[in-house]
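Some notes on the structure that comes next.
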Amino acid sequence: MEYRHTSVLARETVDGLELKPGSTFCDGTLGGGGHAALICEKIGSEGFFLGLDKDSEAIAAARERLERFDCKKLFSHTSFENIKAALTEAGIPAVDGALLDLGVSSRQLDEAGRGFSYMNDGPLDMRMDASDSEGPRAEDVVNGYSEEELCRVIRDFGEERWAKRIASFIVAERGRGRISSTAELTEIIKRAIPAAARRDGPHPAKRTFQAIRIEVNDELGALKRGIGDFIDVLRPGGRIAVITFHSLEDRIVKEAFRGREDPCECPEGAPVCVCGKVRDAKRVTKKPIIPSAEEMEENPRARSAKLRILEKL
């Protein structure tokens, strides 16, 4: 299957990074290489590009897509939270720019066998790294978590108002047999949400599928662990761009950026700072950049995207 993915906020991201020819860049969520192609074109033949991704299929697709560019390229099958180890292995002390395009790709959603989609029937998998035999699958979460744990995941990660009811329906259904497909789970969720609540808004399974995917891949934990390291490895004047697709991710990024710009922990109203913490970055975007109406019309999956950019001092 061809790796298809439409990069969101592509031009806004590349312009906001202000890369120069010869720059060293790390794309922590390589995907199909859409943003990467624009970046490789920008840094030119003297530049160095490092691409990271948990999905080996994405790396293979991006490697082929970027072959035509003359910059030096290195690819690593790893999570972006391992940025410091990846740079050490590559012999790179710091980078001039970095990108995190979070969430699931169009290819992953469209390929039924990956189990991310409530629109296509497939196995309940949802692993970003399909080669990780030790990591949990969505099927393990759906069939193994207690009702209380399921409610927590669906409520906290999906921001789903019907979380308690959905968890109850899942537990009742799995009592009759193991739930193993996305179609089965989708139908259970539809039954759990009252008909009146299903008439408006997004697909009734959207929030629950998002929540389970986040749990399976520890997406928020990885972001919390990795965002600070990405800022650490920027050279002075270097920039990081982060694209988020839901409020939980955006909140983590916003707080991380704000913490580097204003790290002082002294009590409010203190005459002088005594904590000794000095800012080492500034927010380029005080408010997030969102897609244009034209982009949202062309690519509905871009509707919830937000771009934030930070510059190292």
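The values are calculated or read from the model by the stated rules, or taken from the named source; none is laboratory data. In this text, all values refer to a predicted model and were calculated from it rather than measured experimentally. Virtual Cβ from ideal backbone geometry, glycine too; neighbours counted across all protein chains shown.
Restricted to helices (runs of 4 or more DSSP H) entirely inside segment 205-313, those with at least 3 residues that are touching a strand residue (DSSP E or B) at 6+ places or on another chain (Cβ under 6 Å) are 247-261. For segment 137-194, the helices (runs of 4 or more DSSP H) that sit wholly inside it and include 3 or more residues that are within 23 Å of the chain's Cα centre (by Cα) and of a type outside the set (Gly, Ala, Ser) are 138-144, 147-158. Evaluated against (1) within 16 Å of the chain's Cα centre (by Cα); (2) crowded, with 17+ Cβ neighbours inside 10 Å; (3) modelled with pLDDT of 95 or more, HIS246 falls short on exactly one condition, (3).
Residues in segment 259-306 that are under 21 Å from SER247 (Cβ atoms), in contact with a helix residue (DSSP H, G or I) (Cβ under 6 Å, 6 or more places away or on another chain) and surrounded by 17 or more Cβ atoms within 10 Å (Cβ to Cβ): ARG260, ILE289, PRO291, GLU295, ALA302, LYS306. Is at least one residue of segment 197-206 assigned by TED's automatic domain parsing to the domain that holds VAL141 and either closer than 30 Å to THR24 by Cβ or in contact with a Pro (Cβ under 8 Å, 6 or more places away or on another chain) (or both)? Yes, there is a match, as at least one residue in segment 197-206 is assigned by TED's automatic domain parsing to the domain that holds VAL141 and either closer than 30 Å to THR24 by Cβ or in contact with a Pro (Cβ under 8 Å, 6 or more places away or on another chain) (or both). In the set (1) over 26 Å from ARG11 (Cβ atoms); (2) in contact (Cβ under 8 Å) with a residue 40 or more places away in the chain, GLY221 fails one condition alone, (2). Considered as a group, the residues in segment 141-168 that are farther than 10 Å from ALA211 by Cβ and among the small types (Gly, Ala, Ser) include one that is surrounded by the most Cβ atoms within 10 Å (Cβ to Cβ), and that residue is ALA167. Only one of the numbered conditions (1) within 15 Å of the chain's Cα centre (by Cα); (2) over 17 Å from LYS54 (Cα atoms) is not met by ILE227, and that is (2).
The test for being touching a Cys at 6+ places or on another chain (Cβ under 7 Å) and either closer than 16 Å to ASP27 by Cα or at pLDDT 95 or above (or both) does not hold for VAL104.
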